Every structure is written in C-alpha cells, then in structure tokens.
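In what follows, a single structure is set out as structure tokens and then discussed.
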C-alpha cells in the first residue's frame, strides 16, 4: 500500500521538481497529489475501522511494516500534507517519529533533508 500508493506518487512530485522548467508536468503532478490524498483517505479509513488493534501497523508490536511506512509517510507528508481530517494517520505518523529508534534515524538524516528538491 505505502510503496505503490504513497511513495510512488511522492516520487513523481519530487522528480518533477528536478526537471527543467520547460519539461515540467503539472498535470502529472496534480494527478500524483490526488493519488496521495486518496491513499491518505484509505489509510485513515483502515486505521479507523480495521487495522489490528494496537499502536502499530500490525498491532501491538513495532515491525518491519512500520519501518517501511516511515519514508513513504515522511516524504509524502512533505509534498502533500495529511491535512486536519486525517487524525489517525497523523497520530500514527507522530508515534513513528517519536519512537526512539526512528527519532535517532531522523536526527542523523536531518543534515541531508535540504537535499530534497523543494517546490519552486
């Protein structure tokens, strides 16, 4: 779910920022943003209704599913924020970011975040 429906459109948006001005794809970027919003809605719904009970993707235990969720959600939220209506998704993301091992990774990666192409 996260690789195909969050990470892939995120890559489309960031990749477009690397293109020369005359090669930009505004239509493709808007489609990617729409896919992200739809994916966020699907994740929000799963987190509200049917995910395993517990704070993590697979229930009570932090697993590889949570590790793989972080990059997709981190960069996805950077290019298309979750928005106020997706409180469960946002809360899950915050739990991820504050887990000690994840917080350490984010802190160590911080000097490189400015290498992510910004809009403009």
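Between a residue in region 48-64 that is under 13 Å from residue 88 (Cα atoms) and any residue that is loosely packed, with under 11 Cβ neighbours inside 10 Å and modelled with pLDDT of 90 or more, which pairs come within a Cβ distance under 7 Å, given they are 6 or more apart or on different chains? Here the result reads 54/60, each pair linking region 48-64 to a residue that is loosely packed, with under 11 Cβ neighbours inside 10 Å and modelled with pLDDT of 90 or more. One residue stands out in region 65-83 among those that are outside any helix (DSSP H, G or I) and in contact with a helix residue (DSSP H, G or I) (Cβ under 8 Å, 6 or more places away or on another chain): the one that is modelled with the lowest pLDDT, namely 83. Somewhere in region 49-64, is a residue surrounded by 16 or more Cβ atoms within 10 Å (Cβ to Cβ), farther than 23 Å from residue 17 by Cβ and either in contact with a strand residue (DSSP E or B) (Cβ under 9 Å, 6 or more places away or on another chain) or at pLDDT 95 or above (or both)? Looking for residues that are surrounded by 16 or more Cβ atoms within 10 Å (Cβ to Cβ), farther than 23 Å from residue 17 by Cβ and either in contact with a strand residue (DSSP E or B) (Cβ under 9 Å, 6 or more places away or on another chain) or at pLDDT 95 or above (or both), one finds at least one in region 49-64, hence yes.
Applying a threshold of 9 Å to beta carbon distances and a minimum spacing of six or more residues, or different chains, the list of pairs starting in region 85-104 at a residue that is free of Cβ contacts under 8 Å to residues at least 12 places away in the same chain and ending at one that is in a loop (DSSP other than H, G, I, E, B) and loosely packed, with under 12 Cβ neighbours inside 10 Å reads 90/84. Against the list (1) surrounded by fewer than 13 Cβ atoms within 10 Å (Cβ to Cβ); (2) modelled with pLDDT of 95 or more; (3) part of a helix (DSSP H, G or I), the condition residue 19 fails is (3).
Residues checked against (1) more than 17 Å from residue 38 (Cβ to Cβ); (2) surrounded by 16 or more Cβ atoms within 10 Å (Cβ to Cβ); (3) touching a strand residue (DSSP E or B) at 6+ places or on another chain (Cβ under 9 Å):
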| residue | (1), (2), (3) |
| --- | --- |
| 67 | yes, no, no |
| 77 | no, yes, no |
| 83 | no, no, no |
| 89 | no, yes, no |
| 92 | yes, yes, yes |
| 100 | yes, no, no |
| 103 | yes, no, no |
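The values are calculated or read from the model by the stated rules, or taken from the named source; none is laboratory data. Computed from a predicted structure; not experimentally measured. Methodologically, a virtual Cβ is constructed for each residue, glycine included, from the backbone with ideal geometry; neighbour enumeration extends over all protein chains shown.
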